Amino acid sequence: MKYAIISDIHANLEALQAVVEDAKPHADAFVCLGDIVGYNANPIECIQIIQKLCPVTVVGNHDLAAVGLRPYDDFNPYAQQAIDWTKEQLSRDDVSYLAALPMTAPFGAKKNFMAAHGSPRHTDEYLFQAFRIQANFMYMKEAEPDILCCFVGHTHVPMIFEFTSDGILLMVDKVDAETILLDVTSTYIINPGSVGQPRNGDPAASYLLLDDEAQTITFRSVPYDILAAQDKIFDAMLPMPLAERLEIGR
Ligand code: ZN
């Protein structure tokens with residue numbers, strides 16, 4: 001089976017629609033790594049699409065903030081304003097849906113793949129530093145010994161972390177469109193990048209395709225109508241820096 005792994009949609013409908021269109025010819029199913037809402041102007045539309053599209057979806061920190069399950073005074077002021085605005089938009093059903101999403105979810109024919117938002121062990125952990133990544137591989141060894149690859153989002157940067165059977169940690173942050181064969185003797189943590197607010201310097205929406213039988217992944221970068229998404233941020237009176245950052249992908 002082929003999966004499209006998408007993350008950090010952040011209420012960007014134009015980006016989500018472009019990714020769905022790009023993935024549909026290749027993917028049998030969609031998996032969502034959380035942060036459906038926050039930052040951009042179409043939270044309800046994005047929830048409706050994800051609800052139908054993704055039988056496997058985990059919760060993100062912005063989703064938790066938007067439904068009152070996480071304080072958000074540690075978010076930057078623009079992110080806080082976007083959550084305040086999002087809370088006013090969500091219906092009771094939207095809130096119930098987001099609030100019921102799990103923190104992690106195994107998937108795949110052999111259930112050896114896992115979806116999480118921040119890291120395998122925590123929704124809110126950013127995986128930038130090697131010691132944190134290493135600690136998460138140790139955690140996986142103990143708590144999730146059957147998982148070959150845990151997919152995470154949260155940093156909005158496409159990344160591959162590989163922990164080899166010799167105990168060596170490999171980190172790849174320059175991903176390209178080539179198909180990569182996973183080594184079944186290693187363990188992986190892989191980030192597909194962000195659909196709705198990329199931060200890797202490429203403004204195109206980012207996601208990846210997984211073939212769980214062939215054990216291959218392919219990163220995809222999809223241009224979308226950024227101007228339309230920016231106009232909606234303006235019309236909703238959300239902070240303008242949230243619109244500006246979309247065109248630089250930072
Ligand atoms: Zn996010």
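Values quoted throughout were computed directly from the atomic coordinates according to the rules given, and no laboratory measurement underlies them. In this text, all values refer to a predicted model and were calculated from it rather than measured experimentally. Glycine also receives a Cβ, built like all others from the backbone with ideal geometry; neighbour counts cover every protein chain displayed.
Structural remarks
- Every Cα-Cα pair in region 2-247 was counted, and those over 35 Å apart are 9% of them.
- Relative contact order of the chain, taken over Cα pairs closer than 8 Å and 6 or more residues apart, is 24 percent.
- Rounded to the nearest 10 degrees, the inclination of helix 77-89 to the longest alpha-carbon principal axis of the chain is 70 degrees.
- Between helix 43-53 and the chain: long-axis angle, C-alpha atoms, 0 to 90°, nearest 10: 40
- Equivalent ellipsoid semi-axes - Cα gyration tensor, region 1-81, angstrom: 25, 13, 9
- Karplus-based coupling profile of region 14-27, in residue order and whole Hz: 4, 5, 5, 4, 5, 5, 4, 5, 5, 7, 3, x, 9, 10, with θ = phi - 60° in 6.51 cos²θ - 1.76 cosθ + 1.60 and x standing for Gly or Pro.
- Backbone N under 17 Å from the residue 48 label point (7 Å along Cα→Cβ), restricted to region 69-110: 89-98
- One equal scatterer on each Cα of region 189-250, no solvent, Debye formula: the resulting log10 I(q)/I(0) at q = 0.13, 0.14 Å⁻¹ is -0.41, -0.46.
- Sorted from greatest to least, the principal axis extents spanned by the alpha carbons of region 81-213 come out as 51, 33, 31 Å.
- Ordering 74-80, 192-198 by mean Cβ neighbour count within 10 Å, with the highest value first, yields 192-198, 74-80.
- In order through region 197-204: 3J(HN,Hα) via Karplus (6.51 cos²θ - 1.76 cosθ + 1.60), integer Hz, x for Gly, Pro: 7, x, 10, 9, x, 10, x, 5
- Working note: Karplus 6.51/-1.76/1.60 with θ = phi - 60° gives region 171-183 the couplings 10, 10, 10, 10, 8, 10, 7, 5, 7, 10, 8, 6, 8 Hz, where Gly and Pro are set to x.
- For the pair residue 213 and residue 132, the difference between a 0.36 nm per residue extended length and the Cα-Cα distance amounts to 26.2 nm.
- Long-range amide H partners of residue 104 with built H, under 5 Å: none
- Full extension of the chain between residue 202 and residue 87 yields a length gain of 38.5 nm, computed as 0.36 nm times the residue separation minus the alpha carbon distance.
- Of the cross-linked pairs 24/174; 87/110; 2/232; 110/174; 87/141; 87/174, those separated by over 27 Å at the C-alpha level are 87/110; 2/232; 110/174; 87/141; 87/174.
- Label-point separation in nm, residue 250 to residue 183, each point 7 Å along Cα→Cβ: 3.5
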